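The values are calculated or read from the model by the stated rules, or taken from the named source; none is laboratory data. As the structure is a prediction and not an experimental result, all values here were calculated from the model. With ideal geometry, Cβ positions are generated from the backbone for all residues, glycine too; neighbour counts draw on all protein chains shown. Only protein heavy atoms, including side chains, enter the accessible area calculation; ligands, DNA and RNA are left aside. Shrake-Rupley method; radii C 1.70, N 1.55, O 1.52, S 1.80 Å.
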Amino acid sequence: IETSPTPTQPPTPEDIARGRVYTVDIYLPEASQSGISGSVPVVIISHGLGSDRTSFEYLAQHLASYGFAVLVPEHPGSNREQLEALLEGIESEVAEPTEFANRPLDISYMLDYLERQAANNPEYQSLNLKNVGVIGQSFGGYTALAIAGAAIDFKSLDQNCQNLENTFNLSLLLQCRAQLLEQIGQPRADFRDPRVGAIIAMNPIDSVVQGKVNLSSIQVPTMMVAGSADTVAPSLFEQIQPFTWLTTNEKYLVQMDPGTHFSVIGGGELGTGAGAIDLPPEVVGPNPAIAQRYINALALAFFQTYIAQQPSYRSYLTARYATSISEPLMRLDLVRTLTSEQLADSLKANTQSAQK
């Protein structure tokens, strides 16, 4: 997809995104698998920082086999090539701050493009682009939350992006780069796309860049997925506490114990082919295949329920079902409700127990 730039001075993040060229992989179900005549449900997968559109091939193929059309864009500027350039000294930053705007805009422009194509191309006319699902991991989790309605919170960034030298939350080093968007002029902070009907955010980074106020504005069904051993985006700060800030009635918190930040990424590497960056086993963590089976099962049930409008799948979005498929080597937990008060009480009890 190539987007046309506009001659705005100085360029805003939206203008910069219009000049991007990026590739999108499309997984289409066979006609017999779609299950819905004339309307194929659509899911978009947004990869994380330093990853690429191949990282969730396993998930795209799984959803397509159940009748979904799956769109997987490559986000230039925060993909594997950007990470390789950083390691080779070609780039000095892991990602430009404009990526906080470009990534959700990539998804909106992709949907715009497909809507235009559908006007004349029969191959795209069966896609339901009015109620799409989005699933993202890490920076892609932020992307999913952003396009669902969680705007960038510059006040939160200003308050929390100080004295990060000794932080235990490594994701803040990336989140706080969004502060620099203010230097562009009047940056667009809200990227909500009304065509997005449900989202899954896996290991998202969100606590400061979007914050409590803006995460609470999300009104679409939302699932947050955490790994108890995530050292990049610690589950307590980036998924569990932010889950308590959500106000949508349809929300789910999933935790994999001992899942890591990379457990759900296919292949145990960033990218594929000759340029793939292998992740050490201690970074990936144990049993990523189990984590990926969990994601296949939960993502299918979630998007069948809220995107394909198949309510019979709702029974799989329960703590009981999560327990039934949970394996001893990686426990799976799912909750529907958790308040800030309950979280505080739990943390207090754990602290007192550890002190005895």
Pairs over 26 Å Cα to Cα, from LYS212/LYS251; LYS130/LYS212; LYS130/LYS155, come to LYS130/LYS212; LYS130/LYS155
How high is the FRET efficiency from LEU343 to THR247, r the C-beta distance, R0 22 Å, rounded to 0.05? 0.90
Give the residues of the stretch 198-215 whose amide nitrogen is closer than 16 Å to a point set 7 Å from the Cα of GLU182 in the direction of its Cβ. 208-211
Rough spin-label spacing in nm, given labels placed 7 Å along Cα→Cβ, for ILE325 and ALA297: 0.5
Can you give the Kirkwood hydrodynamic radius for the stretch 110-215, in Å, rounded to one decimal and based on Cα pairs? 15.3
Given the whole protein assembly as supplied and a 1.4 Å probe, what does the accessible area of HIS261 come to in Å², nearest 10? 10
Between THR167 and ARG314, what is 0.36 nm times their sequence separation minus the Cα-Cα distance? Round to one decimal in nm. 49.0 nm
Determine, from the Cβ-Cβ distance of GLU30 and PHE154 and an R0 of 56 Å, the FRET efficiency 1/(1 + (r/R0)^6), rounded to the nearest 0.05. 0.75
Segment ASN120-ASN287, extension gain: residue separation times 0.36 nm, minus the distance between their alpha carbons: 55.5 nm
Phi angles of the stretch 288-293, converted by Karplus (6.51 cos²θ - 1.76 cosθ + 1.60, θ = phi - 60°) into ³J(HN,Hα) in whole Hz with x for Gly and Pro, give x, 4, 5, 4, 5, 5
